[in-house]
Amino acid sequence: MPTGHLRATTDGAVATLVIDHPAKRNAMTADMWRELPVLLDRLAADRAVRAVVLTGAGETFCAGADISSLREQGGSTQGLAVAAEEALATFPKPTLAAVRGHCVGGGCQLAAACDLRFAADGASFGITPAKLGIVYGPDSTQRLVRLVGPATAKYLLFSGELIDSARALRTGLVDEVLPSGAELDKRVAEFTAVLATRSQLTQAAAKEYAAGPAAADRIAHWEAEARGSGETVEGVAAFLERREPRFTWSV
């Protein structure tokens, strides 16, 4: 059943998924972890949606797992968190985390699973399993290493310490830092509007290839999609006619 702590809205081709649990600084309960893949499946099936923004309500992105829920579940929410993270990482359309305030633990796990991360100045980031005696999963660890490199990944995982937005930008954990929350919202809206105009075929193939080595059948799949989609014909025509392309291929 819906928790009421996750909500999705759409504005044109961009959907915004909001973590809304202010009483616990947007911490994720077991039910919220379960609900996230369901919402993502719904957005993936909506052909009108071409990009998704993940953010937190108010001035916090996500404080991680709700520790009281973790105790009630006997620690089993870690598996739910990993499943939610994987659902986000494999979502077939571009995803962008818009971060303000604390992005900690499972919240940072979710942000790292997005394709891109924009943050407001003053945001702070930390991955805290070492404070709880939790073994951070291999996929999550390797995703973090791909983002920030082994040294920074070890710093974050070994210590559980928080880093500021400047260091997050310098190490590759975030892609852009904006001066304020208002500037963050403006930049996210502008950038996702751009993403929505680009070829979803290009984006989907690039996302799959970026995740790791591609099997021969997947390369053949994307080559066939490119030949049959008409996306290249439309892109070249738009370039020559000095107009915006009208890409129609959808996952």
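Read the figures in this text as sums done on the coordinates, not as results from a lab. In this text the structure is predicted, and so the values were computed from the model without any measurement. Methodologically, a virtual Cβ is constructed for each residue, glycine included, from the backbone with ideal geometry; neighbour enumeration extends over all protein chains shown.
Annotations
- For the chain, built as a Gaussian network whose Cα springs stay under 10 Å, the top-fluctuating residue of A119, A238, A205: A238
- Above-threshold pairs, the threshold being 29 Å between Cα atoms, out of K24/K186; K186/K207; K154/K186: K154/K186
- Here is the tail figure for the stretch 17-108: Cα pairs spaced more than 18 Å apart come to 42 percent of all pairs.
- Answer label for Cα extents along the principal axes in Å (calculated), chosen among (1) 55, 38, 37; (2) 57, 42, 40; (3) 54, 52, 36: (2)
- With contacts taken as Cα pairs under 8 Å at a separation of at least 6 residues, the chain carries a relative contact order of 16 percent.
- A214/R34 FRET efficiency (R0 25 Å; Cβ-Cβ; nearest 0.05): 0.20
- Most mobile of A87, A151, A111 in a GNM of the chain (Cα contacts under 10 Å): A151
- Dipole magnitude (debye, nearest 20) for the stretch 199-240, charges at Cβ of Lys, Arg, Asp, Glu: 80
- In sequence order, the stretch 188-195 has phi-based couplings of 4, 4, 5, 6, 5, 5, 5, 4 Hz under the Karplus curve 6.51 cos²θ - 1.76 cosθ + 1.60, θ = phi - 60°, and Gly or Pro positions carry x.
- Whole-Hz ³J(HN,Hα) from phi, Karplus 6.51 cos²θ - 1.76 cosθ + 1.60, for the stretch 237-243, glycine and proline x: 4, 5, 4, 5, 8, 6, 9
- Computed from point charges on the beta carbon alone (+1 for Lys and Arg, -1 for Asp and Glu), the dipole magnitude for the chain about its Cα centre is near 220 Debye.
- Positive-end extreme of charge dipole, the chain - chosen from T90, Q78, Q142 (charges on Cβ): Q142
- Convex hull of the stretch 171-251 built on C-alpha atoms - directionally averaged projected area, nm²: 7.6
- Taking the Cα centre of the stretch 113-234 as origin and assigning +1 to Lys and Arg Cβ atoms and -1 to Asp and Glu Cβ atoms, the resulting dipole is close to 440 debye.
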